[in-house]
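J.: One structure, pasted below without further comment.
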Amino acid sequence: MAGSTQGDTPRTTATGPAGRAAREPVTARWRAKLYRVRVRLRRTGVDYFRGDGADWLAFTALALAVPLLVLVNVLFPDWCPPTALVLPVLAGALLLRPGTLVLLYAAAAFGLIAESLIHTGEKVASERPESYVYGVTPGAALVVGAVGIAGLLVAQFRRRVGVPWRGGSTMLFDLRERIRVQSRVPDLPAGWHADMALRPAGGQSFSGDFVVATRTGSGRRVLEAVLADVSGKGMDAGSRALLLSGAFGGLLGSLPAHDFLPAANGYLLRQDWDEGFATAVHLVLDLDTGEYELLSAGHLPGMHRLAGAGRWEVKEAEGPLLGVYDGAKFEGVRGRLGPGDLLLLCTDGMVELPGRDLTEGMDRLMGESDRLVAAAAQTESARGGAATRLIDTVAKDVNDDRAVLLIWRQ
């Protein structure tokens with residue numbers, strides 16, 4: 001044959017590209033298919049937990065749970081009463097959209113009807129019908145119906161808010177953690193120590209008090225910290241505190257120190273809130289010299305403990321509340337933290353009680369600080385948690401937001 005020589009292997013489709021594809025391991029092709037399925041399932045799961053995906057999977061599982069509970073009720077009525085149908089109803093209220101939830105309720109209603117018919121038949125067929133105690137009572141039907149109505153209201157609320165229950169709790173947790181992260185004081189150089197504690201009113205997770213702090217200036221040798229108290233308390237003030245803490249954190253360090261409070265005041269005025277005011281104290285501390293300036297917007301005075309003299313100085317700056325009127329002026333007060341000195345900043349929840357003067361509350365706070373905080377300043381290990389201990393001692397059970405910021409110089 002032309003073009004061939006003795007000993008050449010005939011070229012067939014088995015040795016060409018098609019042949020190599022045919023010899024490709026079957027496992028590799030299945031691995032590619034499984035990968036595509038896995039990616040699709042992962043995307044579906046992500047969409048569902050974001051509230052964007054279909055809820056057919058959850059509905060199918062809950063709908064199948066209904067006949068299973070009916071069967072268990074028929075076989076073991078002592079262990080599975082008719083009211084057990086509230087379990088898929090409750091789960092559906094958290095997982096399903098209102099339209100799909102109505103279908104699940106229809107399945108639960110048919111389940112109750114089936115249980116009632118089966119137990120009625122068994123009662124009639126029983127040798128002693130008067131002693132047969134199983135069945136669907138009106139009370140059981142009312143309980144399942146009431147839970148269903150409450151679940152439908154929950155589902156409607158979730159739909160109106162636009163946040164699924166899975167992401168709603170996560171979002172609230174994330175918001176709370178953001179406030180806490182923003183309230184952390186940055187690491188300070190050797191010879192300085194800071195401690196801060198926040199305690200919301202009523203044991204809630206959100207507070208109207210917050211702290212934002214950063215290091216600025218040449219070589220980051222200046223500490224700027226703002227302790228603010230938003231009008232209201234707890235959950236009522238938490239959302240506004242989160243918004244303001246983000247805004248204040250963006251302004252802090254981006255403007256000259258004396259421009260911060262005027263800018264914060266203008267921002268608050270632009271929000272046009274019904275309860276739009278807040279108090280704040282702005283600390284500007286030189287970490288090389290210990291010299292500081294306090295600028296206040298209607299906030300409590302700072303308290304400076306002089307280690308050498310063993311006494312306290314009240315540092316009261318002048319300035320109006322934030323968000324009251326435009327063009328407000330804020331005058332600062334200066335001081336210097338020497339070795340062993342302590343600067344204490346707090347919100348009014350630490351010193352304000354009905355029937356007690358603010359001065360009396362501040363005196364008590366400074367007295368307790370002498371015992372708890374000033375003693376802790378002598379050892380590094382005792383400083384951690386000093387602000388929390390101070391809250392627990394002075395204002396543990398006060399129904400108000402409380403915040404304390406402590407700055408020591410060794």
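The values are calculated or read from the model by the stated rules, or taken from the named source; none is laboratory data. If you're wondering where the values come from, they're calculated on a predicted model, not measured in any experiment. A quick note on method: Cβ atoms are made from the backbone with ideal geometry, for glycine too, and the neighbour counts reach across all protein chains shown. Please note that ligands, DNA and RNA were not included when accessible areas were found on the heavy atoms of the full protein model with its side chains. Shrake-Rupley method; radii C 1.70, N 1.55, O 1.52, S 1.80 Å.
J.: Considering amide H positions built from the backbone, and no H for Pro or chain starts, which residues 5 or more places from F277, or on another chain, come under 5 Å of its amide H?
T.: S231
J.: Just to be sure I understand the model, the point goes 7 Å from the Cα along the line to the Cβ. What's the resulting A190 to V26 distance in nm?
T.: 7.1 nm
J.: Hey, another quick one. Mind listing the phi-derived Karplus ³J(HN,Hα) values for the range 61-66, rounded to whole Hz, using 6.51, -1.76 and 1.60 with θ = phi - 60°, and x for any glycine or proline?
T.: Running phi through 6.51 cos²θ - 1.76 cosθ + 1.60 with θ = phi - 60° gives 5, 6, 5, 5, 5, 5 Hz.
J.: If you don't mind, there's one more thing I want to ask. Grab the Cα-Cα distance for D363 and L142, subtract it from 0.36 nm times how many residues apart they are, and report the gain in nm with one decimal.
T.: Between D363 and L142, full extension yields an extra 73.6 nm.
J.: Considering amide H positions built from the backbone, and no H for Pro or chain starts, which residues 5 or more places from K315, or on another chain, come under 5 Å of its amide H?
T.: Result for K315 returns G302, M303, H304.
J.: Can you give the convex hull volume of the alpha carbon atoms of the range 217-371 per residue, in Å³?
T.: 123 Å³
J.: Here is a further query. Can you give the convex hull volume of the alpha carbon atoms of the range 221-291 per residue, in Å³?
T.: 87 Å³
J.: Right, next: Round to the nearest 0.05 the FRET efficiency obtained for F157 and V74 when R0 = 56 Å and r is the Cβ-Cβ distance.
T.: Once the sixth-power term is evaluated, E becomes 0.95.
J.: Per residue of the range 78-88, in order, report the coupling 6.51 cos²θ - 1.76 cosθ + 1.60 (Karplus, θ = phi - 60°) as ³J(HN,Hα) in whole Hz, putting x for Gly and Pro.
T.: Result, rounded to whole Hz: 5, 9, 9, x, x, 5, 4, 5, 5, 5, x.
J.: So if R0 is 35 Å, what FRET efficiency would E291 and Y325 give, r being the distance between their Cβ atoms, rounded to the nearest 0.05?
T.: FRET efficiency, E291 to Y325: 0.65.
J.: So for the range 313-358, what are the equivalent ellipsoid semi-axes in whole Å, largest first, each being the square root of 5 times an eigenvalue of the Cα gyration tensor?
T.: Result for the range 313-358: semi-axes of 24, 20, 8 Å.
J.: Just the accessible area per residue of the range 63-169, please: how many Å² with a 1.4 Å probe?
T.: 58 Å²
J.: Long-range amide H contacts for W192: which residues qualify at under 5 Å (H placed 1.01 Å from N, peptide plane, sequence gap of 5 or more or a different chain)?
T.: For W192, the qualifying residues are Q410.
J.: Still on this structure: Can you list the HN-Hα couplings for the range 309-321, worked out from phi with the Karplus curve (6.51, -1.76, 1.60; θ = phi - 60°), rounded to whole Hz and with x for Gly and Pro?
T.: In residue order, the calculated couplings are 8, x, 9, 10, 10, 8, 9, 10, 8, 10, x, x, 4 Hz.
J.: A further question follows. What is the distance, in nm, between label points placed 7 Å from the Cα along the Cα-to-Cβ direction at L90 and at L64?
T.: Distance between the two pseudo-spin positions: 2.2 nm.
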